[in-house]
Amino acid sequence: MNIHEYQSKQILKQYGVAVPEGFPAFSVEEAVAAAEKLAAPVTVVKAQIHAGGRGKAGGVKIAKSLAEVRQYADELLGKTLVTKQTGPAGKKVQRLLIESGASIRHEYYLSFVIDRQTARVVMMGSEAGGMDIETVAAETPEKILKEVIDPAVGLQAFQCTRMAYGLHLPQAVIRKAVKFMQGLYACFTDKDCSLVETNPFVVTADDEVLALDAKLNFDDSALFRHPEIEMLRDEAEENAKEREAAQAGLNYVDLGGDVACMVNGAGLAMATVDIIKYFGGDPANFLDVGGDSTPEKIAKAFSIMLEDGQAKGIFVNIFGGINRCDLVAEGIVKAAKMISSDGKSLPVPVVVRLEGTNVERGREILQNADVENVIMAPTMEGGAEVIVKMVKEAQVAA
């Protein structure tokens, strides 16, 4: 789960992490009122969307008067920002952060992430703050410093000090930087974060250490422990299909293509996406129905995949272990009854590959159901090849 920058900063303040003074605004008048309250010589007007790269997309403005605050707020609210992380569709700006400007001496990067190779939290820092960290990693990896944290003892002061000196921070701010890093780590562990990132954090002209930007991501599986975090969710920023799928107990990720796939098990789902690409298709989604699929759950999965006309074909690739192939087949039949007016057809071709528990019964159900547009495939490779070919032929015909 993601939250907005201003929400992230409100949380970080609870851990003693210094941030610029600021207020959220949902209208032009609120933005001007916030700027008046700040009474700063320079005011920053920042678009709030769940994506990075806002500055390069024109989503961060520097205002030197209330008139400019009004002008920039009016320009940004309702605007669609397109960044590397939003995709071509972009995201609509519906809220702003109005905050005091800072006199910056230097910008740095700092984050806490989970390293899956070591199964530990890692503190990462770089002198190249304010830049895309992916670009820094690709072009100048030597500029990225890492401190692996032992979970038994947590982040140690000597590690923070070593990071501070490695970043060549001014001597006058070393202790402040250590406190800053310890606050970020405390937030990471207390709130079950998957990412805590400040890009940039800055050293100011008066030797303060500030998180000029902040991004917090949270482990969805731990949200039950943090109702105060769950309350910060902005559903307008989330993919509607992904949200609907989560409520139905489905693991769904929208990939933007036109060949939908429904699979049980994350590993098989990834392999299915890969094989669709191998045969020249464009996967529409990653959809893992899990191991407890009922006919109702399968029918709901079909309904989500077919929403808004994105999917031009569906590949059902089930290897039944815990899952039963007959229940999957019943779900496909139920989906046809729910979605079509005659109860006997689906709006796009569906290729089904079933294997495993009760597979013969599952195939029999589909063969006897008299549902149009459903084709049985004996193998995963054959099924992927067939559905990709059918979708491409339909595109040519259209």
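The values are calculated or read from the model by the stated rules, or taken from the named source; none is laboratory data. Computed from a predicted model, the values in this text were never measured in an experiment. Heads up, the Cβs are rebuilt from the backbone with ideal geometry, glycines too, and the neighbour counts pull from every protein chain shown.
Can you name every residue in region 187-201 that is surrounded by fewer than 22 Cβ atoms within 10 Å (Cβ to Cβ) and within 11 Å of A102 (Cβ to Cβ)?
The one that is surrounded by fewer than 22 Cβ atoms within 10 Å (Cβ to Cβ) and within 11 Å of A102 (Cβ to Cβ): P200.
Inside region 115-145, can you point out the residues that are in contact with a helix residue (DSSP H, G or I) (Cβ under 8 Å, 6 or more places away or on another chain), assigned to a loop (DSSP other than H, G, I, E, B) and not hydrophobic (A, V, I, L, M, F, W, C)?
Across region 115-145, the qualifying residue is only E127.
Can you report the number of residues in region 9-52 which are of a type in the set (S, T, Y) and buried (at least 23 other Cβ atoms within 10 Å of the Cβ)? Explain how you work it out, then say what you get.
Step one: of region 9-52, the residues of a type in the set (S, T, Y) are 15, 27, 43.
In the following step, the residues that additionally are buried (at least 23 other Cβ atoms within 10 Å of the Cβ) were identified as 43.
Total meeting the criteria: 1.
Are any of the residues in region 162-180 surrounded by 19 or more Cβ atoms within 10 Å (Cβ to Cβ) and of a type in the set (S, T, Y)?
No: zero hits.
Among the residues of region 264-282, what is the count of those that are in a loop (DSSP other than H, G, I, E, B) and either modelled with pLDDT of 95 or more or over 15 Å from L354 (Cα atoms) (or both)? Break it down stepwise before answering.
Going through region 264-282, the residues in a loop (DSSP other than H, G, I, E, B) turn out to be 264-265, 279-282.
Next, from what is left, pick out any that are either modelled with pLDDT of 95 or more or over 15 Å from L354 (Cα atoms) (or both): 279-282.
So the answer is 4.
Tally the residues that are hydroxyl-bearing (S, T, Y) and more than 13 Å from G52 (Cα to Cα), restricting the search to region 71-98.
Initial filter on region 71-98 (hydroxyl-bearing (S, T, Y)): 72, 80, 83, 86.
Restricting the remaining residues to those that are more than 13 Å from G52 (Cα to Cα) gives 72, 80.
Residues in region 71-98 being hydroxyl-bearing (S, T, Y) and more than 13 Å from G52 (Cα to Cα): 2 in total.
Scan region 317-351 for residues that are surrounded by fewer than 19 Cβ atoms within 10 Å (Cβ to Cβ), small (G, A, S) and more than 16 Å from Q367 (Cβ to Cβ) and jot them down.
G321, S340, S341, G343 - these are the residues of region 317-351 that are surrounded by fewer than 19 Cβ atoms within 10 Å (Cβ to Cβ), small (G, A, S) and more than 16 Å from Q367 (Cβ to Cβ).
For region 198-213, check the following and say yes or no: at least one residue is assigned to a loop (DSSP other than H, G, I, E, B), under 17 Å from the mean Cα position of the chain (by Cα) and in contact (Cβ under 8 Å) with a residue 24 or more places away in the chain. Before the answer, list the steps.
First, pick out the residues of region 198-213 that are assigned to a loop (DSSP other than H, G, I, E, B): 205-208, 212-213.
If we keep only those that are under 17 Å from the mean Cα position of the chain (by Cα) too, we end up with none.
Looking for residues that are assigned to a loop (DSSP other than H, G, I, E, B), under 17 Å from the mean Cα position of the chain (by Cα) and in contact (Cβ under 8 Å) with a residue 24 or more places away in the chain, one finds none in region 198-213, hence no.
Looking only at helices (runs of 4 or more DSSP H) that lie completely in region 1-108, which have at least 1 residues being free of Cβ contacts under 8 Å to residues at least 60 places away in the same chain, out of contact with any strand residue (DSSP E or B) (no Cβ under 9 Å at 6 or more places or on another chain) and closer than 27 Å to K191 by Cα?
Details: elements: 5-13, 28-38, 66-76.
Here the list reads 5-13.
Could you tell me how many of the residues in region 257-316 are crowded, with 22+ Cβ neighbours inside 10 Å, among the small types (G, A, S) and more than 21 Å from I339 (Cα to Cα)?
2
Please indicate, with yes or no, whether at least one residue in region 251-263 is in the same structural domain as A335 (by TED's automatic domain parsing), part of a loop (DSSP other than H, G, I, E, B) and of a type in the set (F, W, Y). Full working, then the answer.
Pass one, region 251-263, residues in the same structural domain as A335 (by TED's automatic domain parsing): 251-263.
Keeping just the survivors that are part of a loop (DSSP other than H, G, I, E, B) gives 255-258.
Restricting the remaining residues to those that are of a type in the set (F, W, Y) gives none.
Among the residues of region 251-263, not one is in the same structural domain as A335 (by TED's automatic domain parsing), part of a loop (DSSP other than H, G, I, E, B) and of a type in the set (F, W, Y), which makes the answer no.
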